[in-house]
Amino acid sequence: MDHLVVGVLGGGQLGRMLVEAAHRLNIQVAVLDSENAPAKQINLVASDKHITGSFAKAADVQKLARNCDVLTYEIEHVDTKVLQELDEEKPFVEGTQSWSRIQPSWATVRTIQDKFLQKQHFAKFDIATAQSIAVGTSEPQGLKEIADRLGYPFMLKSRTEAYDGRGNYPVKSVSEIEAALAALSNRPLYAEKWAHFRIELAVMVIKTNQEASLDSWESNTLAYPTVETIHEDSICKLVYVPPRGVSRKLAKAAQVLARRAVSTFAGTGVFGVELFLLDDDSLVVNEIAPRPHNSGHYTIEACHMSQYEAQIRAVLPKLSKTILPGSTDLVAPAAIMLNVLGGPEPDSHLLVADAALTIPGAKVHLYGKGDGRPGRKMGHITILGQSMSEVETKIHPLINIVDSIRA
Ligand code: ATP
Ligand code: MG
Ligand code: MG
């Protein structure tokens, strides 16, 4: 029981950082992804348990399940039908009374992976989100009628397979309707009311009980600090902790909303909750990820327990009980995380990493993805400090390099 093997669907950078945290606890992680995926490169100890294949392919997921005790995720675009079958076949971890082998639940991932179903789910629990309408037609006229209800601008979104804004099309006026439908053709769509946000926030939440129960959000969830996220071209660029210009009261309200939202889903693990803080200081949920999240990378250096350690512990029956209040606390008053994206040359991103290495205290993470491409997440940098202005000053030259690579 002490050395259960955790299987992870997906082996990108999130899986890689999950492996780092697991190694420290002497827990093995078996990875399902392509050969030499980032998470496999640093995980030779479990090399006989990794599966080469796809988390969206049933046969490959079954193979992974045979090699591990508990299955979890680093991506939500997985085959949930086979996870449901595995759950029905053998529901519990051997030697436990009732600990599910799939954490968080496949049902949770099924709801979350379709953004429109996710929105409907939140509506059921009175969790505030932007108004959303399913688009059941590829005819411009049909979308015009929906747009009349939402107003302009609005966001046309793919219901599935979306990440880094790929799957979103902001529609500013009626003249852009046809282009939007063409850009997202052959994908299931929905339309979302524009959120006039003042700032984007995010909260990582740990869930330690398997049941979905809004009533128990206080006893069964734990929030990391509220952070500010800055997106450029719909890709996360920077994360600021604590959020700048946001009162403690609002930051606390964001944590409560995030914990309530996560408590409505079954299964244990970590969840990334993206929020909009609107002009009138109200908060709405943008979307939830049932896994570690880009906005939580900072926790590796800035909190007592990282989001990755939290996921490993939360999905295991014994260790989930050891996640105590206080473990998500910051170890420094301020932190900034900067994403390192690919640029025009295959190794453009190394300019940022090399410059960061000359800054004392800057922590450089490179993901081992090979050649960079514009917009591809290649690594990140975290800097801690005694005040936000100190960290802003330290990171400023790196932001300049990021901007010059992009320009
Ligand atoms: P990821 O999963 O990588 O966070 P995604 O592809 O799922 O991204 P969203 O989170 O839906 O995309 O949107 C990306 C960004 O686009 C948001 O962080 C926000 O900046 C902007 N955005 C999304 N929806 C809206 C909206 N309704 N109104 C205004 N801006 C929006
Ligand atoms: Mg998303
Ligand atoms: Mg998002």
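The values are calculated or read from the model by the stated rules, or taken from the named source; none is laboratory data. The structure displayed is predicted, hence computed values, not measured ones. Because the Cβ atoms are built from the backbone with ideal geometry, glycine has one as well, and the counts that use them run over all protein chains shown. The accessibility values were calculated without ligands, DNA or RNA, using every heavy atom of the protein model including side chains. Shrake-Rupley method; radii C 1.70, N 1.55, O 1.52, S 1.80 Å.
Checking the table Lys40/Lys81; Lys172/Lys193; Lys207/Lys363; Lys57/Lys115; Lys249/Lys394 against a 19 Å threshold on Cα-Cα, which pairs fail?
In this structure, Lys40/Lys81; Lys207/Lys363; Lys57/Lys115; Lys249/Lys394 lie more than 19 Å apart at Cα.
Taking the Cα of Asp281, stepping 7 Å toward and past its beta carbon, and measuring to each backbone N in region 180-203: which are under 19 Å?
196-202
Using a 1.4 angstrom probe with every protein chain in place, what is the largest-first accessible-area order of Ser234, Ser306?
In descending accessible area the options line up as Ser234, Ser306.
Of Pro317, Leu278, Ala180, whose Cα points farthest to the positive end of the dipole of the chain (charges on the beta-carbon: +1 Lys, Arg; -1 Asp, Glu; origin at the Cα centre)?
Of the listed residues, the answer is Pro317.
Hey, how many Å between the Cα centroid of region 256-281 and the Cα centroid of region 164-183?
About 27 Å separates the Cα centre of region 256-281 from the one of region 164-183.
Excluding Val203 itself, calculate the net charge of residues whose Cβ lies under 10 Å from the Cβ of Val203, where each Lys or Arg counts +1 and each Asp or Glu counts -1.
0
Just to verify a number: FRET efficiency for Ser138 and Ala59, C-beta to C-beta distance, R0 = 30 Å, to 0.05?
E between Ser138 and Ala59, to the nearest 0.05, is 0.40.
Suppose a student asked you for the relative contact order of the chain, using Cα pairs under 8 Å spaced at least 6 residues apart; what percent would you report?
Normalised by residue count, the contact order of the chain is 13 percent.
In percent, how large is the relative contact order of region 85-146, given Cα pairs closer than 8 Å and 6 or more residues apart?
15
Rounded if a/c is under 1.5, else prolate if a/b beats b/c, else oblate: with a ≥ b ≥ c from the C-alpha gyration tensor eigenvalues square-rooted, which is the chain? Please list the in-between numbers first.
Working: a/c = 1.33, a/b = 1.11, b/c = 1.20.
In terms of gyration-tensor shape, rounded.
How much accessible surface area, in Å² rounded to 10, belongs to the heavy atoms of Thr52 with a 1.4 Å probe?
The accessible area comes out at roughly 80 Å².
At a 1.4 Å probe radius, which order do Arg313, Arg166, Arg260 fall into by accessible area, largest first?
Putting Arg313, Arg166, Arg260 in descending order of accessible area: Arg166, Arg260, Arg313.
Pick from Glu309, Glu94, Glu20: which is most flexible by mean-square fluctuation in a GNM of the chain where alpha carbon atoms under 10 Å apart are linked?
Glu94
Can you tell me how much longer the chain between Glu178 and Glu88 gets when fully stretched, taken as 0.36 nm per residue apart minus their C-alpha distance, in nm with one decimal?
Taking 0.36 nm per residue and subtracting the Cα distance, the gain is 28.0 nm.
On a 1.4 Å probe surface of the protein chains, which of Leu384, Leu86 comes out largest in accessible area, and what is the full order? List each step's numbers first, then the result.
Values: Leu384 50, Leu86 10 Å².
The ordering from most to least exposed comes out as Leu384, Leu86.
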